[in-house]
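Heads up, the thing below is written out as structure tokens.
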Amino acid sequence: MSGTDYKAIFRKAIEELHEEGRYRYFAQLRRTCGEFPKSKYYDGRGNVKEVTVWCSNDYLGMGQHPKVLEAMHKAVDDTGAGAGGTRNIAGTSWYHVELEKELADLHGKEVALLFNSGYMANEATLSTLAKLLPGLITISDSLNHASMIEGIRHGRGDKAIFKHNDMADLEEKLKAVDIDRPKVIAFESVYSMDGDIAPMHEICDLAEKYNAMTYLDEVHAVGMYGPRGGGVAERDGVLDRIDIIEGTLAKAFGIMGGYIAAGADICDAIRSYAAGFIFTTSLSPVLAAGALASVRHLKESGEERRLQQEHAELLRQQLLKRDLPVVVENSHIVPVMVYDAVKCKQLTDALMNDYDIYVQPINYPTVPRGAERIRLTPGPLHGPEEIAVLAEALDELWTRLDLPRATRQAAE
């Protein structure tokens, strides 16, 4: 009896990833409290060694900050581990309510609404907007995150894509839509793969000119920019011009979860209609307590942000001095281009095996084919010594693997 060979189909799909050099391996790491960015690396064969992590999204090391740990220990002793249900059914705790108040204040909004991840916040909110606003067209930056794309797609409304950070193209897309038709411009502040930043004032000007709402993803910017860590919108003075801000608790704040901050009616409507919110067990109060402590600390302390920016610039200059193909942007992210999936994996393997440095290769579909890279995220706890070691290791490996230097790439 013949039939579909399901196992063979899955095996073939995995083999294709191996052949293209973009099969994803998960590094087994055990973070040691108080030693970030050091971590124990387990190679799966019984060997363990200490490595320095250079690709963490815990941008400011807040996942191990004493205030955060103390708050989480207290919460687990006070409330236990789990949330107990969805927000509607026994899953709303004091910690959830206080954290939402703190986040609303951070962004100068009336209300905030917690989700279990930034991905969920984007997907649920953008898809629900299309259902609540009849005839809505979403005008989306071409480099928006996958979660934003999925949310727009699941909303089943019309969409238009404008060229990345191209204000002339955005205006053309807006001009083509009736002024009275509901529309939302969806964009990010810091784009995580290149580290470039959206022209916030210009986008807000166009939104006001063409009667559009603004939806801003600040996941790579909350905690990182602005005098209180309110993101690029706070830094650039446009908080009051953004209708919906989406953020995460899993990057600069060092915990887990996502949220939106907006007007009370908007958040209430999303709370009441978004399936991704309604039918999901709420974030553990222990995580909410840690996030609450982290947000409060970073509102008051700018030292972590200052050191992070200082170290990012130091690393950038060290790599440029060695003629490495760094993408130079004014953000905390330092991408270095490799342009080849197989060599990108060879590079990161050599960093781990020969230099005890952990960096994850970035390849398709995260970036287009041919745009493979490593993405370095120096933080306040990466000192000048660690930066020098990384720069020298990359310089040596660029020669060993015959990777293109910046001058050679420019000439080609």
Run the accessible area of segment 2-75 with a 1.4 Å probe and give the carbon-and-sulfur part as a rounded percent. 54 percent
Aspartates and glutamates with Cα under 19 Å of Lys175, excluding same-chain neighbours fewer than 8 positions away: Asp141, Asp158, Asp166, Glu202, Asp205, Glu208
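When every alpha-carbon pair in segment 311-388 is counted, what percent end up more than 17 Å apart?
Details: 1412 of 3003 pairs.
Tail fraction, whole percent: 47.
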Whole-Hz Karplus ³J(HN,Hα) for segment 88-102, in order, using 6.51 cos²θ - 1.76 cosθ + 1.60 and θ = phi - 60°, x for Gly and Pro? 6, 10, 6, x, 9, 10, 4, 5, 4, 5, 5, 5, 4, 4, 5
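Sorting Tyr59, Tyr364, Tyr355, Tyr95 by accessible area (1.4 Å probe), largest first, what list results?
Numbers: Tyr59 5, Tyr364 80, Tyr355 60, Tyr95 30 Å².
Most to least solvent-accessible, the answer reads Tyr364, Tyr355, Tyr95, Tyr59.
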Please list, in order, the residues from segment 158-179 whose amide nitrogen is less than 14 Å from a point placed 7 Å along the Cα→Cβ vector of Ile278. none
Listed pairs Lys131/Lys173; Lys38/Lys345; Lys12/Lys38; Lys49/Lys299; Lys12/Lys345; Lys49/Lys343 exceeding 28 Å between Cα atoms: Lys12/Lys38; Lys49/Lys299
Gain on full stretching of the segment that runs from Ile9 to Val97 - 0.36 nm per residue minus C-alpha separation: 27.0 nm
Can you tell me the alpha carbon radius of gyration of segment 36-80 divided by the globular rule-of-thumb value 2.2 N^0.38 Å? 1.55
Equivalent-ellipsoid semi-axes (√(5λ), Cα gyration tensor) for segment 91-227, whole Å, largest first? 25, 18, 14
Of the listed values (1) 1.02; (2) 0.98; (3) 1.09, grab the one calculated as Rg/Rh (Cα atoms, Kirkwood Rh) from the structure here. (2)
Between the modelled labels at Thr86 and Asp205 (7 Å from Cα along Cα→Cβ) the distance in nm is 4.5 nm
Would you please give the residues with an amide H less than 5 Å from that of Ile185, counting only those at least 5 places away or on a separate chain, with H modeled from the backbone geometry? Ile139, Met213, Thr214, Tyr215
Hz values of 3J(HN,Hα) by residue in segment 235-245 - Karplus curve (6.51, -1.76, 1.60), Gly and Pro given as x: 4, 8, x, 10, 3, 6, 9, 9, 6, 10, 10
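At 0.36 nm per residue, minus the direct Cα-Cα distance, what do Glu172 and Arg156 gain on full extension? Give it in nm, one decimal, please. Display every interim value, and only then the final one.
On the way: separation 16, 0.36 × 16 = 5.76 nm, distance 2.25 nm.
Extra length from Glu172 to Arg156 when fully extended: 3.5 nm.
The values are calculated or read from the model by the stated rules, or taken from the named source; none is laboratory data. Everything quoted here is computed from the prediction, not taken from an experiment. All Cβ positions, even for glycine, are placed from backbone atoms using ideal geometry, and neighbour counts span all protein chains on display. We work out accessible area using only protein heavy atoms, side chains counted, and drop any ligands, DNA or RNA first. Shrake-Rupley method; radii C 1.70, N 1.55, O 1.52, S 1.80 Å.
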